[in-house]
């Protein structure tokens, strides 16, 4: 029975702790966003070639970073859940997926706007953008698979395998797309040119990325809490939580 | 010896059973009873290692019951016949035995099929056989298997009286040779010379 | 272990032979999809030559996708898969055997048929040979990677569409190197680089995917 108690108690203890942490992370996210936006729009200098348009990178670049990073974190949690059979890590993986997909989508949309304003085209089959699009497909695949399987244990494990296979494939896909791109277009327009970037620009981007981090943690924790309630609705601790609420 | 220690089984959101323990020694036959949906098939799947229990452990000869060494000692015949419609009865038996790592000669396979009352139908594709005949093709494995542990899910379904008797006497023989059997059945079981142990799930 | 592999391949080929119609549907699907493109794009031979490698490859991707659904489905439904999982043999070897047999009746015919279809697109004879070689190396990769998806979606509602969602993004490297080989040749560059990358993909997926698929099958059967 000891194992039994331990296993059942972990979400039960996680739930209230997460509940206390969520406002903290949301708060940090809000503060950092304000600072980051101030830096991006008032402190960072106007770009010599692109004018004000370039400022979209303060959203675009952090979103693109997050989209890739969250996929790796998600695959990591899912893999942990698969190997150690811990339910909490599988729940975290599932809680992260929609946020990751959202950032991928944001990166694609902001990239399109930027492309339109800076180079006059909505979509360019540039290696980064193409890879980002494929990443969105991978997120969609993961979410559809876990949603289609009714048995949660199987959904967790099947999703974990897919996420890990995807994670192994991401570098291969990126490499192949890059190869394809150089073959077809020669030197393509590089969307992110590091050398000409002023220090304040980089700072703005980093603060915005940090804000995105805090937001992702907060939102993933609250989603994990909901998943927990739904999955363990028959257990005693969920009954307690629900009683207190009503 | 097969040991089940404090098993809990969950299907979907339902806990089917919890705290189930038993041991099965050589020369014993265990019959699992209980109404539909009580988890009989799920228990058998736990025992043969197809799915892991939510809690508890299953041991074979003192070690965890999994891996190729355990499976070499196991014959599991499930709810479905595992008979390929496109293959003949003979081919089906051959391939099933090949997978189990106990290849048969044609003579052995034909003798087993004849014993199961399938003489003259060995070369017919399984799709033209009746339900009962397909079941017999599956159960022919019992005549040729050398595995000590048999786990059988409703072996007597769709069989006629003669075939039921045949299987029951084969079970008796297996138990007499220090084999072990775990089975589920809705029919009254009469294995000559053996008093089945019973576990009722509810 | 080699004996087990042969047993599985022989069994699945025998089953495929007794169900010949299934093999032909995949092949005809491939032929029809490829033949539709000139009707959609127009009969301008210059354009057709340009799009031919991509068209053939995308059609091969879709055809392989369609046939994948059958890879484990029948064994799953009649209980044979349970017996494979309980066999005292490594499941990954059984899986590899099934994938090889599956490729022989789905991927290989596509590769053999492709040069004929390339003629419709006015590809020069050497380019047809490159197309054939690329498909010969690439279609097994499709079967290997697709097997993971087929195992993950086993018995899941909406399995077919779901399978394509999972697997198509993973096919992209094979598509790029495969179609790229032919394009490179037409552009006057040696296709060797592309073909070696395809071969590398084949070796990597041949070593890794049977184990992953075996794990996915065990999870699906729980």
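Just one residue in the set A:166, A:204, A:159 is modelled with pLDDT of 85 or more, under 30 Å from residue C:183 (Cβ atoms) and touching a helix residue (DSSP H, G or I) at 6+ places or on another chain (Cβ under 8 Å); that residue is A:166. Residues in the range C:152-178 that are facing chain A (nearest Cβ under 9 Å) and under 18 Å from residue C:140 (Cα atoms): C:166, C:167, C:168, C:169, C:170, C:172, C:173, C:174, C:175, C:176, C:177. Residues of the range A:138-151 that are over 21 Å from the mean Cα position of the chain (by Cα) and surrounded by fewer than 20 Cβ atoms within 10 Å (Cβ to Cβ): A:148, A:150, A:151. Could you tell me which of the residues A:133, A:162, A:117 is at the interface with chain C (Cβ under 9 Å from one of its Cβ atoms) and assigned to a helix (DSSP H, G or I)? Exactly one of A:133, A:162, A:117 is at the interface with chain C (Cβ under 9 Å from one of its Cβ atoms) and assigned to a helix (DSSP H, G or I), namely A:162. Residue count for the range A:203-246, restricted to those that are free of Cβ contacts under 8 Å to residues at least 24 places away in the same chain and either outside any helix (DSSP H, G or I) or in contact with a strand residue (DSSP E or B) (Cβ under 7 Å, 6 or more places away or on another chain) (or both): 3. Is it true that some residue in the range B:23-36 is within 28 Å of residue C:75 (Cβ to Cβ) and either more than 14 Å from chain C (Cβ to nearest Cβ) or modelled with pLDDT of 90 or more (or both)? Yes, the range B:23-36 contains a residue that is within 28 Å of residue C:75 (Cβ to Cβ) and either more than 14 Å from chain C (Cβ to nearest Cβ) or modelled with pLDDT of 90 or more (or both). Selection within the range A:137-155: residues that are more than 9 Å from chain C (Cβ to nearest Cβ) and modelled with pLDDT of 90 or more. The member of this set that is farthest from residue A:233 (Cα to Cα) is A:139. Put simply, of C:112, C:119, C:81 the only residue that is facing chain B (nearest Cβ under 10 Å) and either surrounded by 22 or more Cβ atoms within 10 Å (Cβ to Cβ) or closer than 21 Å to residue C:35 by Cβ (or both) is C:81. Just wondering, is there one or more residues in the range C:3-24 that are within 13 Å of chain B (Cβ to nearest Cβ), free of Cβ contacts under 8 Å to residues at least 12 places away in the same chain, part of a helix (DSSP H, G or I) and over 24 Å from the mean Cα position of the chain (by Cα)? Yes; the residues of the range C:3-24 include at least one that is within 13 Å of chain B (Cβ to nearest Cβ), free of Cβ contacts under 8 Å to residues at least 12 places away in the same chain, part of a helix (DSSP H, G or I) and over 24 Å from the mean Cα position of the chain (by Cα). Restricting C:72, C:37 to those that are modelled with pLDDT of 90 or more and away from chain B (no Cβ under 14 Å) reduces the list to C:37. Looking across the range C:180-192 at every residue that is more than 9 Å from every other protein chain (Cβ to nearest Cβ) and touching a helix residue (DSSP H, G or I) at 6+ places or on another chain (Cβ under 8 Å), the one that is surrounded by the most Cβ atoms within 10 Å (Cβ to Cβ) is identified as C:181.
The residues of the range C:70-83 that are over 23 Å from the mean Cα position of the chain (by Cα) and in a helix (DSSP H, G or I), listed by number, are C:80, C:82, C:83.
The rows are residues; the columns are (1) surrounded by 17 or more Cβ atoms within 10 Å (Cβ to Cβ); (2) more than 20 Å from residue B:148 (Cα to Cα).
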site: B:75; (1), (2): yes, no
site: B:83; (1), (2): yes, yes
site: B:87; (1), (2): yes, yes
site: B:98; (1), (2): yes, no
site: B:101; (1), (2): no, no
site: B:105; (1), (2): no, yes
site: B:108; (1), (2): no, no
site: B:118; (1), (2): yes, yes
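Condition check for residue A:64 on (1) part of a helix (DSSP H, G or I); (2) in contact with a helix residue (DSSP H, G or I) (Cβ under 9 Å, 6 or more places away or on another chain); (3) farther than 17 Å from residue A:137 by Cβ: one failure, at (3). Given the residues C:67, C:106, which is the only one that is within 11 Å of the chain's Cα centre (by Cα), more than 14 Å from chain B (Cβ to nearest Cβ) and without any contact (Cβ under 8 Å) to a residue 60 or more places away in the chain? When all the criteria are applied, what remains is C:67.
Could you please let me know if residue C:167 is modelled with pLDDT under 95 and in a helix (DSSP H, G or I)? Judged against the criteria, residue C:167 is a match.
Exactly one residue out of B:129, B:159, B:171 is modelled with pLDDT under 95 and within 21 Å of residue B:102 (Cβ to Cβ), and it is B:171. The requirement of being over 25 Å from residue C:12 (Cα atoms) and within 12 Å of another protein chain (Cβ to nearest Cβ) is fulfilled nowhere in the range B:99-119; no residue meets it.
Look at (1) closer than 30 Å to residue B:50 by Cα; (2) part of a helix (DSSP H, G or I); (3) within 11 Å of another protein chain (Cβ to nearest Cβ); (4) in contact with a helix residue (DSSP H, G or I) (Cβ under 6 Å, 6 or more places away or on another chain) and you find that residue C:208 fails only one, number (4).
The values are calculated or read from the model by the stated rules, or taken from the named source; none is laboratory data. What you see is a predicted model; the values in this text were computed from it and never measured. Backbone-built Cβ (ideal geometry, glycine too); neighbour counts: all protein chains shown.
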